[in-house]
Amino acid sequence: MKKSNPHAEGPDGLVHTARLPLSGATLNHLATLIRGHCEKNGSRWRALPVGKIAGIVPAVLRCDRRPGDPAGGNGVHRTTVTRWVREVVGLLAARAPRLDRALKRITRPGGGVVLLDGSPIRTRRRTGAGNRKNYSAKHKCHGLLVIALTDDNGRLLWVSAARPGRTSEITACRHDKLTAHLRAAGLGAIADLGFVGLDDSGPDTDPAVITGCEAARHRAEGDLRRQGGLVKNARVVDDGDLVTAGGITSGLEPALRPVRRELGAGAVTVLEGIPEYEARGTVRVPSTG
């Protein structure tokens with residue numbers, strides 16, 4: 001006996017709409033880029049109008065949809081949507097400003113400071129070992145990492161190329177030679193504690209990247225936090241060029257720690273015998289990489 005019951009939903013897949021927070025100016029700009037690309041390549045035919053393509057591509061990128069979802073709803077093949085997405089990404093990337101030109105936009109009117117930060121772009125978790133590099137242990141998610149520069153008012157100036165999510169912010173900046181570009185332009189960057197160790201300039205050179213400092217825990221913990229310090233539950237915090245200490249021994253520890261770092265433990269033992277004090281507890285040395 002054969003079953004001849006038709007599918008309740010019909011032969012075609014279900015189609016749903018998505019609302020995107022995009023302005024008409026953005027869609028018109030994107031459509032203009034696609035139209036110019038078609039004229040340059042001599043492409044006289046497309047499966048859909050340019051305006052329709054300009055709406056499909058942001059839907060795939062913004063909502064992280066599989067290309068087959070909008071393809072089925074618009075009567076085109078999945079590979080066609082994939083090709084549109086790659087074309088538009090290439091067109092937008094070609095219009096991105098270069099790092100040296102973006103910094104000149106700050107120095108031309110007399111500016112001297114930019115803001116530096118890294119941001120993860122969350123993506124859908126894919127299967128397979130090839131996607132493990134996109135997992136960020138810091139943010140506990142899959143995605144890509146980009147480095148962004150803004151002016152002192154927060155207006156975006158430059159965005160780096162997207163790198164796997166497991167890449168650290170300092171590594172991404174070193175690949176782009178960010179500190180060299182900042183020194184060449186005569187600018188300084190203000191960043192958070194995630195960029196400590198990025199600027200490898202000497203003690204007699206003006207720093208290209210300015211970050212906060214880690215501080216030892218003390219009764220003035222509230223004041224340190226309000227001033228941007230990262231308070232650590234440690235007896236001594238050695239930040240490389242700054243030593244902080246907390247508690248009743250805060251007058252002795254900042255003097256003994258540089259001696260240990262420069263002359264060794266033997267010299268510290270001799271000095272500890274003078275005030276009859278023995279240093280104990282946790283000493284935190286922040287990572288520089």
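Every read-out reported here was derived from the displayed coordinates using simple, explicitly stated rules and does not represent laboratory data. All values derive from a computational prediction rather than experimental measurement.
A cut-off of 5 Å between modelled amide H atoms, ignoring neighbours fewer than 5 places along the same chain, links ILE210 with ALA189, ILE190, ALA191.
Remark on ASP117: its backbone amide H falls under 5 Å from those of ALA148, a criterion applied only to residues 5 or more positions apart or on other chains, H modelled at 1.01 Å from N. Histogrammed with a bin width of 5 Å, the alpha carbon distances of the stretch 58-121 distribute as 4, 13, 16, 15, 12, 11, 10, 8, 6, 4, 1 percent, first bin at zero. Sequentially through the stretch 70-76, phi angles give Karplus couplings (6.51, -1.76, 1.60; θ = phi - 60°) of x, 5, x, x, 10, x, 10 Hz, Gly and Pro residues having no value and appearing as x. Residues whose amide H lies under 5 Å from that of ASP176, counting only those 5 or more places away or on a different chain, are absent; hydrogens are built 1.01 Å from N in the peptide plane.
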